[in-house]
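S.K.: Next up is a structure, given as structure tokens.
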Amino acid sequence: MSGKSYTVTNSGTNSQGNHYCSRTDNNSGNSGYHYSNSNGSYYYQNTNGSTYYNSGTGYSQYTSPGGQTTKSNNSSK
């Protein structure tokens, strides 16, 4: 089997149409989650400790497990 396997521990959509999903890595036991919002933005808290945010309008930010942050702004506005 290739890749990491995980178990979804909770998921759903709230009344504003925002989707969320939490999961646990079956190998490490670490947990993570993501949100996908109705405005096009999304956020990931990964099981390795990294995070990723995308505004849906061109701005994004990645933070590595070690805490180094990379930002990008490709907004046409």
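The values are calculated or read from the model by the stated rules, or taken from the named source; none is laboratory data. These numbers come from a predicted model, not from an experiment. Here the Cβ is made from the backbone with ideal geometry for all residues, glycine too, and neighbour counts use every protein chain on show.
S.K.: So is Tyr6 closer than 23 Å to Asn74 by Cα and surrounded by 12 or more Cβ atoms within 10 Å (Cβ to Cβ) or not?
M.R.: Considered against the rule, which asks whether it is closer than 23 Å to Asn74 by Cα and surrounded by 12 or more Cβ atoms within 10 Å (Cβ to Cβ), Tyr6 comes out as no.
S.K.: Further question on the same structure: Go over the candidates Asn26, Asn39 one by one and state the one that is modelled with pLDDT under 95 and either touching a Gly at 6+ places or on another chain (Cβ under 7 Å) or β-branched (Val, Ile, Thr) (or both).
M.R.: Asn39
S.K.: Still on this structure: Do we have any residue at all in region 54-76 that's in a strand (DSSP E or B), in contact with a His (Cβ under 8 Å, 6 or more places away or on another chain) and of a type in the set (Ser, Thr, Tyr)?
M.R.: no
S.K.: I'd like the full set of residues that are buried (at least 16 other Cβ atoms within 10 Å of the Cβ) and over 8 Å from the mean Cα position of the chain (by Cα), limited to region 37-51.
M.R.: Answer for region 37-51, where residues must be buried (at least 16 other Cβ atoms within 10 Å of the Cβ) and over 8 Å from the mean Cα position of the chain (by Cα): Asn37, Ser41, Thr47, Ser50.
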